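S.K.: The structure is given below, and queries will be raised subsequently.
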Amino acid sequence: MSALLEIRSLSKAFGPLKAVSNVSFDVQKGEVLGFLGPNGAGKSTTMKMVTGFVTPTSGDVRVCGHDILQAPVEAKKRIGYLPEGAPAYPDMTPLSFLRFIGEIRGLDGPMLHDRIDEIVKTVHLEGVMHQPIETLSKGYKRRVGLAQAILHDPELLIMDEPTDGLDPNQKHEVRNLIRRMAAKKAIVLSTHILEEVEAVCTRAIIINRGTIVFDGTPTELEERAPESVTKNRLDWVFRTLTSDEADAPQPIAAPAHLQKVAKR
Amino acid sequence: MKNVKSIFKREFLGYFATPVAFVFIVIFLLLSGAFTFQLGDLYERGQADLLPFFGWHPWLYLFLIPAVSMRLWAEERRQGTIELLMTLPVTIPQVVVGKFLAAWAFTGLALLLTFPTWLTVNYLGQPDNGAILAGYAGSFLLAGGFLSIGACISSITKNQVIAFVISVVVCLLFMLFDLPDVADVLSGWVPTVLIDAVANFSFQAHFQAISKGVIDVRDLVFFFSLITLFLFANGLILDAKKAD
Ligand SMILES: Nc1ncnc2c1ncn2[C@@H]1O[C@H](COP(=O)(O)OP(=O)(O)OP(=O)(O)O)[C@@H](O)[C@H]1O
Ligand SMILES: [Mg+2]
């Protein structure tokens, strides 16, 4: 079976700045991919290219076999996307907003109604459904964004910092939700919380200055830390892989499978 | 088609979610009333028609239409919702047309609410209601023309003020193309054929013809091709710069 998401030598330059350079990876059904990297590494830009918002400078993206540039509508039908900052129409209520998204996603009538009911319970939006989105707290706005992304039960779910701004209870709930959905979907999420990667991801990719510096399981990531590091081992590896200073803790040779990627 | 409808609905109801609709409609009605009755001498002319009323519409629209169109795309950019919209399974033409039609329907509603003026002239005398209907149609087309220009310009920027100012200037140019002064200035420089061609792009000429009650196919073609042209450009701009 081919991958739900195929990314081939994807690059994006903003003028002289190479925000993303030559990124390639596949995501299979059942995988939860944690997309990590320091601020400005190119995570959001990569996700925007995958979802068809930013046009790549070069490279290809295929969603369930549909090229995002050649067959954008077919590809976008299969994606659920939570953009960075969870934008939503501030004048609308969550109910009217979700109805709008649902209609565009091809749901209508009782089916849409039932689906919204279900999603509202899933992300706990009961009680704010009739309040303008602009008056919602940050965490609730994020939940509306999440609801919008999973409304049509997409095959590929792309979430840019889905748990940012959520309280610990909600973080826990969202992680459970992701685990529950994982079997039927391919999920890509970006995050700055490394525990989240251990908690929900089956795979982690770290990018730094637009290029992939690690691709493997969370366990493999942790094993990069020497025995002497006992606390915050993931943090240690993350900092080592992404620090730009010359006095970085111990240079680490490029992992074997990355050299494979480069040859492709 | 279904997508156009969904986008139309969201956009149209959006006007009423904020005071925008209320403010626009009230100001439109007040100004069109004031212009018609005070400045247009509707009573003193001793004629039962709505020519003074329609005569002011281009000038009213010059400022009011850019105020409606400025938010169409600039606001989507500023709020970041354009990212949401452009990653939904819709095509750019569907979004452009849906949004434009919503804005057009909204101005059409404001125009319909001027019906008391029409009642007044019917009360005062026996106007040619066919001509008045044509006047309304012409005014509606004119609003559509202004809106398509405004929508296109709104897609360039995330700043609504910039969108407003540029739209007013461009719309003003379209209104002034056939003024004798403009023709004079141009006459020494450019060939007459070109002047005539440029004058042919003037809103005034096409609008006045219709508002006098003469619906000529050429005037209809003018407005519809103008709208198509600017909406097409609107789509191209969006496609070229969705994200920045
Ligand atoms: N529209 C744009 N124009 C110019 N530069 C841009 C644009 N969008 C992003 N960039 C630049 O591209 C780089 C990558 O940005 P991106 O938003 O992808 O980072 P990120 O990994 O998501 O960071 P964060 O963790 O802070 O969200 C940054 O240097 C950013 O300034
Ligand atoms: Mg980001």
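All of the numbers you see were taken from the coordinates with simple rules; none came from a lab. Everything numeric here is computed off the predicted structure, so don't read it as measured data. Methodologically, a virtual Cβ is constructed for each residue, glycine included, from the backbone with ideal geometry; neighbour enumeration extends over all protein chains shown.
S.K.: Going by the structure shown, is A:Tyr81 buried (at least 19 other Cβ atoms within 10 Å of the Cβ), within 16 Å of ligand 1 (Cβ to nearest atom) and either within 9 Å of another protein chain (Cβ to nearest Cβ) or part of a loop (DSSP other than H, G, I, E, B) (or both)? Give the steps one after another, and end with the answer.
M.R.: Numbers: buried (at least 19 other Cβ atoms within 10 Å of the Cβ): yes; within 16 Å of ligand 1 (Cβ to nearest atom): yes; either within 9 Å of another protein chain (Cβ to nearest Cβ) or part of a loop (DSSP other than H, G, I, E, B) (or both): yes.
Against the criterion (buried (at least 19 other Cβ atoms within 10 Å of the Cβ), within 16 Å of ligand 1 (Cβ to nearest atom) and either within 9 Å of another protein chain (Cβ to nearest Cβ) or part of a loop (DSSP other than H, G, I, E, B) (or both)), A:Tyr81 qualifies.
S.K.: A:Pro226 versus (1) within 16 Å of ligand 2 (Cβ to nearest atom); (2) in a loop (DSSP other than H, G, I, E, B): which is the lone unmet condition?
M.R.: Tallying (1) within 16 Å of ligand 2 (Cβ to nearest atom); (2) in a loop (DSSP other than H, G, I, E, B), A:Pro226 fails exactly one: (1).
S.K.: Also, I was wondering about something else. Which condition does A:Ile212 not pass, out of (1) under 28 Å from A:Gly102 (Cα atoms); (2) touching a residue at least 40 places away in the same chain (Cβ under 8 Å), if it passes all the others?
M.R.: The one condition A:Ile212 does not meet is (1).
S.K.: Shifting gears a bit: Would you point out the residue of the stretch A:21-40, among those that are assigned to a loop (DSSP other than H, G, I, E, B), at positive phi and surrounded by fewer than 18 Cβ atoms within 10 Å (Cβ to Cβ), that is nearest to ligand 2 (Cβ to nearest atom)? Give the steps one after another, and end with the answer.
M.R.: To start, the set of residues in the stretch A:21-40 that are assigned to a loop (DSSP other than H, G, I, E, B) comprises A:28-31, A:37-40.
Imposing the further condition that a residue be at positive phi reduces the set to A:30, A:37, A:40.
Next, from what is left, pick out any that are surrounded by fewer than 18 Cβ atoms within 10 Å (Cβ to Cβ): A:30, A:40.
Details: A:Gly30: 25, A:Gly40: 8 Å.
Out of the qualifying residues, it is A:Gly40.
S.K.: Only residues that are within 11 Å of ligand 2 (Cβ to nearest atom) and either under 19 Å from A:Leu241 (Cα atoms) or out of contact with any strand residue (DSSP E or B) (no Cβ under 8 Å at 6 or more places or on another chain) (or both): list them for the stretch A:47-61, please.
M.R.: At the first step, the residues of the stretch A:47-61 found to be within 11 Å of ligand 2 (Cβ to nearest atom) are A:47-48.
Scanning the stretch A:47-61 gives a single hit, A:Lys48.
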